[in-house]
Amino acid sequence: MMMMMTHLIVVGAQWGDEGKAKVVDQLAEFADMVVRSQGGSNAGHTVKFKGETFKFHHLPSGLLYEEKACVIGPGVVLAPHFLKEELDSIHAKGYSTKNLKISDRCHITFPYHVAQDKQQETLRSSHNGSKIGTTGKGIGPTYMDKVGRMGIRVADLFESEITLKTQLQTILTQKELTELFTLETLYTLALEYKAILAPYACDTLALLQDALKAGKQLLFEGAQGTLLDVDFGTYPFVTSSNATAGGACTGTGVGPSKIDATLGVMKAYLTRVGEGPFPTELSDTVVGERICEIGVEYGTTTGRKRRVGWFDAVIARFGVEVNGLDGIALTKLDVLDSFETIDVCTGYVHVETGAHYDRLPTSLATLSQLKPVYETHQGWLADTTACQTFEALPPNCQAYVKRLEVLMDCPVWMVSVGPDREQTLMRRHPFALEKV
Ligand code: GDP
Ligand code: IMO
Ligand code: MG
């Protein structure tokens, strides 16, 4: 197959955990660099390789290819102690992280961010029962301080003692933290963070721009998913970064004109962790329990049981539009192998007015009054996990995928029928796309 020079963005097109890591790990073979652009320790990306399971949180999923550069861009927030645990676990498995580069512009999560995250969740629950169900990693407060211009960046850790202490003191005062943390405690922590980050920190903008000029292929790995995007997700039940494709540009400093294609990852059904609306939810039903058990739907970062539901084409179309998707990687199709019938939501109907909706409303109150309209597909009742080509899939299974393409108005380029690298059916290779 002829490979073209392509810079590819991979994003989650649902509520996260779509199988981005598996797809990125697989495509990384064809890229020179794998780049993360947003999110942080809230992400949980699982790669199965040579019988081993790797769980990445901050780290790009391309890390198992030792010759590939892995870059963490400025849009990512870092929890250095947690990052160290992640690095240690990779080293313990015999892999090197010498090609990891971390932007000196990344913002740092301090313990007060984690405390604030937990406190906000408690307050939200006790006041109106609407906690977000965050991962508790301090992600929201770290991004709040970044936007509020009260953050500490990696580069700040490398400033002189007097400069860093002045910055920390300003933050302690501004955030009214003086009763909880002393300047010395924070400064000591900052020095620990500096030691962890020193081998990796650099100006990744220069690195990426040089790579572009040298004709290297870049692969951008999204974290979370479209419906968790702070601008386009089911706000406020979202994360605090732009998980949509635009985030790959703002979070790395690679301009949109350089991007050749955007691939959206979607499950053949739907899951969500945390609170918030979910029109096709099947949790606490027999079917839902079966999908959850067969799909092993438990969170990679928090271990929480994921909520599950049928594929929602309204959400899928939204993902196609918001990200400008060129193609889809449809994952976990094998999880549906044993279902006699499979429902797909094609639109919603308002329970009171009877009005039909084929777009996602902004208002969560409206969304909560919408019921899915389903079409029912006959299942294929056959094991797909050993299929090597799309044509080898049972006819009903192929028909299911083709129907989703029509409903989404976007082609399915890759189909995943198991967690391993080999269990991927490539209909059109994303890196073979010619720029038009
Ligand atoms: P990510 O956050 O989008 O990278 O996804 P996660 O790693 O959190 O969750 C996806 C889970 O599904 C992981 O445990 C993967 O190993 C697994 N997985 C990925 N693709 C497939 C597939 O096609 N079939 C099955 N059965 N499991 C898959
Ligand atoms: P990956 O990259 C699924 C969810 C949390 C919560 C909301 C806000 O593995 O797909 P946060 O801690 O970010 O403030 O939590 O977002 N969430 C995820 N759900 N996959 C993820 O990442 C997620 N990262 C955050 O459950 O509902
Ligand atoms: Mg995940």
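The values are calculated or read from the model by the stated rules, or taken from the named source; none is laboratory data. Remember, it's a predicted structure, so these values are computed and weren't measured experimentally. Note that we place each Cβ from the backbone using ideal geometry, even for glycine, and neighbour counts take in every protein chain shown.
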Does Gly133 satisfy the criteria of being surrounded by 14 or more Cβ atoms within 10 Å (Cβ to Cβ), at positive phi and touching a strand residue (DSSP E or B) at 6+ places or on another chain (Cβ under 9 Å)? no
Could you grab me the full set of residues in the range 38-85 that are more than 17 Å from Leu27 (Cβ to Cβ), within 16 Å of ligand 3 (Cβ to nearest atom), free of Cβ contacts under 8 Å to residues at least 40 places away in the same chain and outside any strand (DSSP E or B)? His58
Residue that is farthest from Pro279 (Cα to Cα) [pool: residues in the range 321-333 that are surrounded by fewer than 23 Cβ atoms within 10 Å (Cβ to Cβ) and out of contact with any Phe, Trp or Tyr (no Cβ under 6 Å at 6 or more places or on another chain)]: Asp326
For the range 278-289, how many residues are surrounded by fewer than 16 Cβ atoms within 10 Å (Cβ to Cβ) and either within 16 Å of ligand 1 (Cβ to nearest atom) or in a loop (DSSP other than H, G, I, E, B) (or both)? 2
Flag for His91 being more than 16 Å from ligand 3 (Cβ to nearest atom) and assigned by TED's automatic domain parsing to the domain that holds Asp312: yes
Those residues that are of a type in the set (Gly, Ala, Ser) and part of a strand (DSSP E or B), I need them from the range 308-354; list them, please. Gly309, Gly327, Ala329, Gly347
Pull up the range 27-48, narrow it to residues that are buried (at least 22 other Cβ atoms within 10 Å of the Cβ) and not aliphatic (A, V, I, L, M), then point me to the one that is farthest from ligand 2 (Cβ to nearest atom). Ser37
Anything in the range 379-436 that is part of a loop (DSSP other than H, G, I, E, B), modelled with pLDDT under 95 and aliphatic (A, V, I, L, M)? List them, or say none. Leu433, Val436
Would you check if Ile102 is in contact with a His (Cβ under 9 Å, 6 or more places away or on another chain), touching a residue at least 12 places away in the same chain (Cβ under 8 Å), closer than 30 Å to Met33 by Cβ and of a type in the set (A, V, I, L, M, F, W, C)? yes
Looking at the range 253-270 only, could you name the residues that are among the charged types (D, E, K, R) and either under 19 Å from the mean Cα position of the chain (by Cα) or not assigned by TED's automatic domain parsing to the domain that holds Glu297 (or both)? Lys267
Taking the range 216-232, which residues are more than 21 Å from Asp104 (Cβ to Cβ) and either of a type in the set (A, V, I, L, M) or surrounded by 24 or more Cβ atoms within 10 Å (Cβ to Cβ) (or both)? Leu219, Gly222, Gln224, Gly225, Thr226, Leu227, Leu228, Asp229, Val230
Going by the structure shown, is Val373 under 27 Å from Val11 (Cα atoms) and part of a helix (DSSP H, G or I)? no
For the range 293-305, name all the residues that are modelled with pLDDT under 95 and more than 8 Å from ligand 2 (Cβ to nearest atom). Tyr298, Gly303, Lys305
Could you look through the range 1-23, keep only residues that are of a type outside the set (S, T, N, Q) and more than 20 Å from Tyr269 (Cα to Cα), and pick out the one that is nearest to ligand 2 (Cβ to nearest atom)? Ile9
Would you check if Lys213 is closer than 28 Å to Gly324 by Cα and more than 16 Å from ligand 3 (Cβ to nearest atom)? yes
Please find, within the range 103-130, the residue that is surrounded by the fewest Cβ atoms within 10 Å (Cβ to Cβ) out of those that are among the hydrophobic types (A, V, I, L, M, F, W, C) and within 23 Å of the chain's Cα centre (by Cα). Val114
Being under 26 Å from the mean Cα position of the chain (by Cα), within 16 Å of ligand 3 (Cβ to nearest atom), modelled with pLDDT of 95 or more and surrounded by 13 or more Cβ atoms within 10 Å (Cβ to Cβ) narrows it down to one residue among Ile139, Ile152; which is it? Ile139
Residues of the range 195-251 being more than 16 Å from ligand 2 (Cβ to nearest atom) and assigned to a loop (DSSP other than H, G, I, E, B), in sequence order, are Ala198, Pro199, Tyr200, Asp203, Ala214, Gly215, Lys216, Gln217
